[in-house]
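K.L.:
Once you've had a glance at the structure underneath, I'll fire off some questions.
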Amino acid sequence: MDPIAVSFDNVRDLLAQSQHKLVLFVFWSERSEQSKQQLQGCHTVCRDYPEQLVLASVNCDHDQELAMQFGVRSLPTVMFIQQGQPVDGFAGLETEAQIRQRLQP
């Protein structure tokens, strides 16, 4: 499953999906190599758990206001959203193994 590009039009739908699945919001930029690596790593992890995870990507080059509403201060940033609320997250680059470890509980 490819990442869902988040916009003001579909953000509510994605938050609604978080009632049933964990949604990973990845805030990234085309200008940041680390951001692109993080998006790819999250994509690989989510692809392994399609019944439990949804990957949502926020291109901060196009949707800066959306990133500001979520309180994003640096890129890349990943937020785990469950039942409409952030339950975990991190800023900076993490490996697939680190992400999988965060998902263990």
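The values are calculated or read from the model by the stated rules, or taken from the named source; none is laboratory data. Computed from a predicted structure; not experimentally measured. Ideal geometry is used to build each Cβ from the backbone, glycine not excepted, and the neighbour counts take in all protein chains shown. Surface accessibility is based on the protein's heavy atoms, side chains included, excluding ligands, DNA and RNA. Shrake-Rupley method; radii C 1.70, N 1.55, O 1.52, S 1.80 Å.
K.L.:
Report, by residue number, each residue of segment 6-28 that is more than 24 Å from LEU103 (Cα to Cα) and open to solvent by less than 50 Å² (accessible area, probe 1.4 Å).
P.N.:
Scanning segment 6-28 gives SER7, ASN10.
K.L.:
Moving on to the next point. I'm trying to understand the selection: among the residues of segment 77-89, which are over 16 Å from LEU53 (Cβ atoms) and surrounded by 15 or more Cβ atoms within 10 Å (Cβ to Cβ)?
P.N.:
Hit for segment 77-89 is THR77, nothing else.
K.L.:
So ARG31 clears everything in (1) assigned to a loop (DSSP other than H, G, I, E, B); (2) without any contact (Cβ under 8 Å) to a residue 12 or more places away in the chain except one condition, right? Which one?
P.N.:
For ARG31, the failing item is (2).
K.L.:
Moving on. With the requirement that a residue be closer than 19 Å to PHE90 by Cβ and loosely packed, with under 12 Cβ neighbours inside 10 Å, what does segment 29-47 give you?
P.N.:
GLU33
K.L.:
Name, by its number, the condition in (1) surrounded by 14 or more Cβ atoms within 10 Å (Cβ to Cβ); (2) farther than 18 Å from ILE4 by Cα that does not hold for SER74.
P.N.:
Answer for SER74: the failing condition is (1).
K.L.:
For segment 59-75, check the following and say yes or no: at least one residue is among the hydroxyl-bearing types (Ser, Thr, Tyr) and more than 20 Å from ARG100 (Cβ to Cβ).
P.N.:
Within segment 59-75 (the criterion being among the hydroxyl-bearing types (Ser, Thr, Tyr) and more than 20 Å from ARG100 (Cβ to Cβ)), the answer is yes, since at least one residue qualifies.
K.L.:
Do we have GLU94 as out of contact with any His (no Cβ under 8 Å at 6 or more places or on another chain), surrounded by fewer than 13 Cβ atoms within 10 Å (Cβ to Cβ) and not in a strand (DSSP E or B) here?
P.N.:
No; evaluated as a whole, the condition is false for this residue.
K.L.:
Which of the numbered conditions does MET68 fail, given that it passes all the others? Conditions: (1) among the aliphatic types (A, V, I, L, M); (2) assigned to a helix (DSSP H, G or I); (3) open to solvent by less than 30 Å² (accessible area, probe 1.4 Å).
P.N.:
(3)
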